[in-house]
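Colleague: Handing you this structure, nothing more for now.
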Amino acid sequence: MTPQTDLKNYTLEGLVRFVEGLGQPAFRGRQIMSWLYRPGITEFDQMTDIAKKFREILKEKTFISNFTDPILERSQDGCIKFGFHLEDGSIVESVLIPEEDRNTLCLSSQVGCAMNCSFCLTGTMGFARNLTPAEMVNQVCAVRDFLLAEPAENLIGPREVTNLVFMGMGEPLNNLDNLLTALSILTEPKGLDFTKRKVTVSTCGIAPKLKKLGENSTVNLAISLHAVDDATRDLLMPVNTRYPLDVLLEACRTYPMPKRRRIMFEYILLKGINDSDEQAYELARKLHKIPCKINLLPYNESPLLPYRSPTPERVLAFQKILLDKHFSVFIRTSRGSDISAACGQLAGKNQPGKSS
């Protein structure tokens, strides 16, 4: 028996090609796309402007995937961590970060992560597999549906997901083809219709793949930098031994992006390791002439890892040096740490075979 096809793995163009392969006109693919991502659409019989005969063919050959009954953990600061069950028994996590005027959803692109960054709990999981485009997109659909059903008194932000960041489990550029398909669906007006300026992809620095990302999508780019010299970055981020700082930053200088757009550099501050005045000055030198903003993130401490966060005074001193060099610099305090939902804390503790 031929396996059924998950229609949520297709871009609009892919859906058009798929229905044409079934002997249908191209507009049927556009019709299907306009239905797939509406809230509450789970069955083909709900697609009332599609001929009943073709709906029967779709039922036979395809299906519409969804995430249901997520594991929920609520933080004292309002963040919510979602654990989604995948068909193979794995669990992938997403984090909703609500604010008064927005809801940011932190998405995962892989089950686990192969990057093994020494300060990140997700790296302790190891790598299991890539997520499909449908598994990435369904994180958004499930959280959207959660917000629509949530009682008004429980809401901090609006009743919709407004911003997306691929900063959860996994390295997005190591799943680039599936990521690009998901980005197309997320930003397609007949799909989930997010503006590209509200979607960010974060990478630890897979330099050769940056160009392909920039050529195929104009979403925002964030680079996890975290060090200003190769020796330190080699220890923190093993990817640096393959793509050293100079190689990565040259890829950033030549990154194809729209005018007036800037790369976001993420810099986790680790006490006594990468937080000195000298390192701040070197960071300014390294990023000179790269259109960018800088996010400083005081480290989210974990008893399982040896790193510590600098004092608030040290963080402010580091920021001031960069501000004096005319960079846009923001200090980001990660939220959700009490439920292990903050940056670097997603570790899939509910994975099969792992203890909670």
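Colleague: Being part of a loop (DSSP other than H, G, I, E, B), assigned by TED's automatic domain parsing to the domain that holds Val165, surrounded by 15 or more Cβ atoms within 10 Å (Cβ to Cβ) and among the charged types (D, E, K, R), is that true of even one residue in the stretch 273-289?
Modeller: Looking for residues that are part of a loop (DSSP other than H, G, I, E, B), assigned by TED's automatic domain parsing to the domain that holds Val165, surrounded by 15 or more Cβ atoms within 10 Å (Cβ to Cβ) and among the charged types (D, E, K, R), one finds at least one in the stretch 273-289, hence yes.
Colleague: Given the criteria assigned by TED's automatic domain parsing to the domain that holds Ala317 and under 25 Å from Thr195 (Cα atoms), does Lys259 qualify?
Modeller: yes
Colleague: Under the condition of being farther than 29 Å from Arg159 by Cα and polar (S, T, N, Q), which residue from the stretch 69-123 is modelled with the lowest pLDDT?
Modeller: By that ranking, first place goes to Thr122.
Colleague: Six or more apart or on different chains, Cβ under 7 Å: which pairs go from a residue in the stretch 112-138 that's free of Cβ contacts under 8 Å to residues at least 12 places away in the same chain to one that's assigned to a helix (DSSP H, G or I) and hydrophobic (A, V, I, L, M, F, W, C)? Could you list them?
Modeller: As it stands, the answer is none, since no pair meets every condition given.
Colleague: So Gly89 passes all but one of these: (1) loosely packed, with under 12 Cβ neighbours inside 10 Å; (2) farther than 24 Å from Thr132 by Cβ. Which condition number does it fail?
Modeller: (2)
Colleague: Restricting attention to the stretch 129-147, does a residue exist that is part of a loop (DSSP other than H, G, I, E, B) and either touching a helix residue (DSSP H, G or I) at 6+ places or on another chain (Cβ under 9 Å) or buried (at least 23 other Cβ atoms within 10 Å of the Cβ) (or both)? Give the derivation first.
Modeller: So in the stretch 129-147, the residues part of a loop (DSSP other than H, G, I, E, B) come out as 131-132.
With the extra rule that they be either touching a helix residue (DSSP H, G or I) at 6+ places or on another chain (Cβ under 9 Å) or buried (at least 23 other Cβ atoms within 10 Å of the Cβ) (or both), the set shrinks to 131-132.
The answer is yes; a qualifying residue exists.
Colleague: A follow-up question, please. Specify the residue that is nearest to the chain's Cα centre (by Cα); the eligible residues are those in the stretch 290-305 that are modelled with pLDDT of 90 or more and surrounded by fewer than 21 Cβ atoms within 10 Å (Cβ to Cβ). Break it down stepwise before answering.
Modeller: Taking the stretch 290-305 first, the residues modelled with pLDDT of 90 or more are 290-299.
Subset that is surrounded by fewer than 21 Cβ atoms within 10 Å (Cβ to Cβ): 290-293, 295.
Details: Ile290: 23, Pro291: 22, Cys292: 19, Lys293: 18, Asn295: 16 Å.
Across the stretch 290-305, the extreme among qualifying residues is Asn295.
Colleague: Continuing with the same structure: I'd like to know if the stretch 178-187 contains one or more residues that are hydroxyl-bearing (Ser, Thr, Tyr), surrounded by fewer than 20 Cβ atoms within 10 Å (Cβ to Cβ), in contact with a helix residue (DSSP H, G or I) (Cβ under 9 Å, 6 or more places away or on another chain) and over 20 Å from Met33 (Cα atoms).
Modeller: The answer is no, given that none of the residues of the stretch 178-187 is hydroxyl-bearing (Ser, Thr, Tyr), surrounded by fewer than 20 Cβ atoms within 10 Å (Cβ to Cβ), in contact with a helix residue (DSSP H, G or I) (Cβ under 9 Å, 6 or more places away or on another chain) and over 20 Å from Met33 (Cα atoms).
Colleague: For Phe67, work out the one condition from (1) surrounded by fewer than 12 Cβ atoms within 10 Å (Cβ to Cβ); (2) of a type in the set (Phe, Trp, Tyr); (3) part of a loop (DSSP other than H, G, I, E, B) it doesn't fulfil.
Modeller: (1)
Colleague: If you don't mind, there's one more thing I want to ask. It is to be established whether one or more residues within the stretch 215-235 are in contact with a helix residue (DSSP H, G or I) (Cβ under 8 Å, 6 or more places away or on another chain) and at pLDDT below 95.
Modeller: Scanning the stretch 215-235 turns up no residue that is in contact with a helix residue (DSSP H, G or I) (Cβ under 8 Å, 6 or more places away or on another chain) and at pLDDT below 95.
The values are calculated or read from the model by the stated rules, or taken from the named source; none is laboratory data. Keep in mind that this is a model prediction, so the values were computed, not measured. Glycine also receives a Cβ, built like all others from the backbone with ideal geometry; neighbour counts cover every protein chain displayed.
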